[in-house]
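Structure first, commentary second.
Read-outs throughout are calculated quantities, based only on the coordinates presented, and are distinct from any laboratory measurement. All figures in this text were calculated on a predicted structure; none of them were measured in a lab. Cβ coordinates were reconstructed from backbone atoms using ideal geometry, including for glycine residues, and neighbour counts include every protein chain displayed.
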Amino acid sequence: MSMLTRRKLLHLPVVTSAGVLAGQAEWMPLLGFVPQEPDRWVKTVCRYCGTGCGVYVGVRTAPAGARAVAIKGDPQNHNRGFLCVKGAKLIEILDAPSRLKHPLIRKDGRLVRASWQEAMELVAARFREAISRHGPDSVAFYGSGQALTEETYVANKLFRAGIGTNNVDGNPRLCMASAAGGYTTAFGKDEPMGCYEDLDHADVFLIVGSNMAEAHPVLWMRILNRKEKNPAAKIIVIDPRRTRTAAWADLHLACRPGMDLSILNAMAHVIVKEGLADEEFLRKHAVFGQGTETNRTWEDYRRFLEAYTPERAAADSGCRAEDIVTAARWFGARGREAMSLWTMGVNQRTQGVWLNNLIMNLSLITGKIGRPGSTPFSLTGQPNACGGVRDGGALAHLLPYGRLVANPQHRAEMEKLWGLPPGRLSPNPGLSAVDLFQALESGEVKCLYVMCTNPGQSLPNANRYRKAMASPDTFLVVADAFHPTRTTELADVVLPAALWVEKEGVYGCSERRYQLLEKAVDPPGEARPDLEILLELGRRLGHENLLPFRNAADVWEEILRVCRGTAYDFSGMTRERLREAHGLLWPLPAQGHPGTKRRYVRGEDPLVPPDHPEPILFYGRPDGRAVVWMRDQKAPNEQADTEYPLILNTGRVLEHWHTATMTGSVPSLKATRLEAVAEMHPADMKRLGLADGDTVRISSRRGSRELTVKENENGREGSVFIHFHDPGRLVNELTIDAYDPVSREPEFKIAAVKVEKVAR
Ligand SMILES: Nc1nc2c(c(=O)[nH]1)N[C@H]1C(S)=C(S)[C@@H](COP(=O)(O)OP(=O)(O)OC[C@H]3O[C@@H](n4cnc5c(=O)[nH]c(N)nc54)[C@H](O)[C@@H]3O)O[C@H]1N2
Ligand SMILES: Nc1nc2c(c(=O)[nH]1)N[C@H]1C(S)=C(S)[C@@H](COP(=O)(O)OP(=O)(O)OC[C@H]3O[C@@H](n4cnc5c(=O)[nH]c(N)nc54)[C@H](O)[C@@H]3O)O[C@H]1N2
Ligand code: SF4
Ligand SMILES: [Mo]
């Protein structure tokens, strides 16, 4: 594969036919999809990943209503006009035949068409009944990092302030919870301090458990551009598979699944031993921690690292000691800027928060943080996991903008802001995703409102929780834009939701960048924006006083008040500014403020006093210092044994989005890699007498299913990779629901399985 130069990229034609994309096997950025010239272009944001590319949707006005007919990248946004294949095909999802156009109610076991009136009456009646008979904690909301900020905010307020339960969680628990846990344990506040622009300045990229080339393609392009301009820049990838990302790396550490904590500790060991640590920076800006205590010393830390020799890490991880030394020297080299990037290979682990800590340690001990090109930078999965859910506080233990349920002062602040009597907010943190579905199983939770997520496919150990959702004893409401999905099929009521540019609202992506999605077209049939549906539910439950909003802009006004004075302050981000801007980065505490590229940095971040004596202040923690944590290698929850001798790894491919309700409705994408196949190493296949294309039965302690096997020498021997996009072949019947004790994020990446031949 030759390096795609920026010049070549710029000369790529705007793709004008679906045929160009069908069978598109390689990573490739595009400028858009313009089959016909529109009447007007509407500025908005890509529906898919946490890269948050700016797009324009081309709209044609017709007597029957406006239609989206074209899409192109926004050249003034960070993506500089580029989109990946998914983004370039976005408009096709709007008119897909699988769009849900009217409400459905389960009658005599079958979902049948119903009016909005009937559906909402039923939902409200069942919620009222559960709340009055079993208390507010018998109902719950399960949301999404893909819902708009205003939607999530209203759901959060309705459930916490109105109904009186903290049972508000969502799919970011399956995704970013460990990163959020990493940032809060190390810096006191969630969210990265760096920005995309750092990619243009870094000399070393340490990419851990992230397949950026397929999952964040436009940011990946930016790394390749940097590498082209600065050929001395190094890319290090730690991933058991030789992914499309690893294929471009200068150094690929193909670690044994779950054994990368040792590698990160050994890198620190080498950095310290070779005098590459920045002791002055550490003296001024760091403390050392172990367990939950932050009273350890630099000497304690050095003693802790002694055990993590490169040889020990090599034995743990199956990588070469000299490669680990090289990685450490590259990262630690004086005068070179270093950036770490990571995603689900790190977060979806029972040691997810610890891994986050170890990655952040490398930036802290080298002092490579808060400078252009030097930062730990967690890549966010979903387009609004940061803005809507993490910042907006829609996880079970959170309240909006960095506040915690468990903190009485934070509750009092929110009670005041929400006009509630003191003591109204429940002091008990709610149930987080896996616990929530277990409570549904046990009957503790009776009614569940699911919005913009498809847990019937995406939860680990899915059979167990699918049963709970389908049970006649539980009442499941699902708001989705498509039907059937693997969750709507289990629901008692399905509500048709407007999709993407059929409504207006804010998304916040990986770099604290908030951007407005403008409405371009009307939703089909009777579909309605989630915001409207939630406001109606609130009215029907008697909480209209708490929700005096006519539209998303009204909600935003309140959000600007609620974030004011917090570490997230973006109160200068008026609707008008968002409309004009091509993305704004917070903190942004006043109308005229330009926004903040690098958080915690004096002169950039308005929350650092301009006269602070040091160039950086980690104000998220009371002592203004970050924590370097000592975290030992621990084995994953399940390991290969004689009964289940292989390790199952699950994840994504470029062309598909999660449960493929959207990408699976685009014919050219559907034609590409939607079928889940078991990718296996040739040596394992030989041992099991398997040939490419054989049907195999793959089983874990939780379930089993038949799949086609495909030889792939890029995987590690002893492991199987299966993507989780295919609704017809649920890989989550096999995955484990064990989770990280701090973040409660499940270990999707590691489960023990066996593979048996069924047929040739
Ligand atoms: N095309 C596409 N892009 C997407 C998405 C999508 O569905 N499709 N979803 C978005 C979302 S929500 C998310 S969260 C991101 C996810 O983005 P990524 O995390 O990049 O994607 P994954 O494929 O889930 O997993 C990343 C890698 O983790 C590796 N891994 C597995 N076990 C280990 C281990 O023990 N150690 C290490 N170091 N690595 C390991 C896997 O081999 C895999 O290559 O993608 C976002 N972008
Ligand atoms: N095995 C395995 N499982 C995983 C993962 C993994 O790596 N491996 N990754 C996990 C991660 S990181 C994530 S983020 C989750 C994602 O898992 P999900 O969130 O369950 O997957 P999506 O397909 O994104 O679901 C979004 C749903 O919302 C619907 N929708 C789209 N737009 C709207 C809207 O505007 N309103 C409403 N109401 N509905 C809408 C879509 O049709 C779709 O059904 O999966 C998790 N599950
Ligand atoms: S990289 Fe992500 S945000 Fe950008 S076009 Fe692709 S899916 Fe959309
Ligand atoms: Mo995710």
- [ ] Using the number of other C-beta atoms within 10 angstrom as an exposure proxy, rank 627, 450 with the fewest first.
- [x] 627, 450
- [ ] Apply the Karplus parameterisation 6.51 cos²θ - 1.76 cosθ + 1.60, with θ equal to phi minus 60°, to every residue of region 730-743 and state each ³J(HN,Hα) to the nearest whole Hz, in sequence, with x for glycine and proline.
- [x] 6, 5, 6, 5, 9, 5, 9, 9, 5, 9, 5, x, 8, 8
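Could you sort the peptides 667-678, 396-407 by per-residue average Cβ neighbour count (10 Å cutoff), highest mean leading?
Numbers: 667-678: 19.0, 396-407: 20.7.
Ranked from most to least packed, the peptides come out as 396-407, 667-678.
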Task: Backbone HN-Hα couplings from phi across region 63-77 [Karplus 6.51/-1.76/1.60, Hz, Gly and Pro as x] - done: x, 7, x, 5, 10, 7, 10, 7, 8, 9, x, 8, x, 8, 8
Open item on the list: Explain nothing, just compute: Karplus ³J(HN,Hα) = 6.51 cos²θ - 1.76 cosθ + 1.60, θ = phi - 60°, for every residue of region 227-240 in order, whole Hz, x for Gly and Pro.
Closed with: 5, 5, 6, 10, x, 6, 5, 10, 10, 10, 10, 10, 6, x
Open item on the list: At 7 Å along Cα-to-Cβ for each site, give me the label-to-label distance between residue 444 and residue 591 in nm.
Closed with: 4.9 nm
- [ ] Let me have the 222 nm mean residue ellipticity of the chain computed from DSSP H runs of 4+ only, each contributing -39500 (n - 2.57), with the sum over all residues rounded to the nearest 500.
- [x] -7500 deg cm²/dmol
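Lys and Arg at +1, Asp and Glu at -1: add these up for the other residues within a Cβ distance under 14 Å of residue 384 and post the number.
On the way: positive: 47, 390, 503, 512, 513; negative: 150, 151, 191, 391, 504, 511, 530.
Summing Lys and Arg as +1 and Asp and Glu as -1 gives -2.
Rank by packing, highest mean first: peptides 66-75, 315-324, with packing defined as the count of other Cβ atoms within 10 Å averaged across residues.
On the way: 66-75: 20.8, 315-324: 19.3.
Per-residue Cβ counts within 10 Å, averaged per peptide and sorted highest first, yield 66-75, 315-324.
For residue 425, what charge total do you get from the other residues with a beta carbon under 11 Å from its beta carbon, if Lys and Arg give +1 and Asp and Glu give -1? Don't jump to the answer; show the numbers that get you there.
Working: positive: 157, 160, 403, 411, 416, 424; negative: 413, 415.
Overall, the nearby charge balance is +4.
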Task: Debye log10 I(q)/I(0) for region 646-759, one point scatterer per Cα, at q = 0.13 Å⁻¹ - done: -0.49
Open item on the list: Could you check the spin-label model distance between residue 708 and residue 428? Points 7 Å from the Cα along Cα→Cβ, value in nm.
Closed with: 5.0 nm
Open item on the list: Give me the one-decimal nm value for the distance between modelled label points at residue 576 and residue 117, 7 Å along each residue's Cα-to-Cβ direction.
Closed with: 4.2 nm
TODO: Take peptides 510-521, 294-305, 465-476 and line them up by average Cβ neighbours within 10 Å, highest first, as a rough protection proxy.
DONE: 510-521, 465-476, 294-305
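From the P(r) of region 177-378, can you give the percent of Cα pairs sitting at distances over 24 Å? Provide the component values of the computation, followed by the final result.
Working: 6724 of 20301 pairs.
The proportion of pairs with Cα distances above 24 Å equals 33 percent.
If you take every residue apart from residue 371 with its C-beta less than 9 Å away from the C-beta of residue 371, what net charge results, scoring Lys and Arg +1 and Asp and Glu -1?
So the environment of residue 371 carries a net charge of 0.
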TODO: Would you mind ranking 723, 201 by Cβ crowding within 10 Å, fewest neighbours first?
DONE: 201, 723
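Would you mind calculating the gained length between residue 280 and residue 133 on full extension (0.36 nm times residue separation, minus the Cα-Cα distance), in nm to one decimal? Can you show the working numbers first?
Numbers: separation 147, 0.36 × 147 = 52.92 nm, distance 6.06 nm.
Going from the current span to full extension adds 46.9 nm.
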Task: Extension reserve of the residue 683-residue 108 stretch, reckoned as 0.36 nm per residue once the Cα distance is removed - done: 201.8 nm
Task: Cα Rg, Dmax, the chain, angstrom units - done: 24.7, 74
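With contacts defined as alpha carbon pairs under 8 Å and 6 or more residues apart, what's the relative contact order of region 646-759 in percent? Don't skip to the answer; put the middle values down first.
Working: 243 pairs, mean separation 43.2, N = 114.
The normalised contact order for region 646-759 reaches 38 percent.
Which FRET efficiency, nearest 0.05, do residue 561 and residue 41 yield, Cβ-Cβ r, R0 25 Å?
On the way: r = 33 Å, r/R0 = 1.30.
Result of the calculation: an efficiency of 0.15.
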- [ ] Would you mind calculating the gained length between residue 297 and residue 473 on full extension (0.36 nm times residue separation, minus the Cα-Cα distance), in nm to one decimal?
- [x] 57.9 nm
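Roughly what % antiparallel, to the nearest 5, for the DSSP beta bridges in the chain? Show your work: numbers first, answer last.
On the way: 50 of 99 bridges.
Approximately 50 percent, going by the DSSP bridge assignments.
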Task: Amide H contacts of residue 677 (H built 1.01 Å from N, under 5 Å, at least 5 apart or other chain) - done: 723
- [ ] Determine the relative contact order of the chain: mean sequence separation of Cα pairs under 8 Å and six or more apart, normalised by residue count, in whole percent.
- [x] 18 percent
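Using the count of nearby Cβ atoms within 10 Å as a rough guide to exposure, how do 269, 483 rank from fewest to most? Mind dumping the intermediate values first?
Values: 269 24, 483 20.
The most exposed by this proxy come first: 483, 269.
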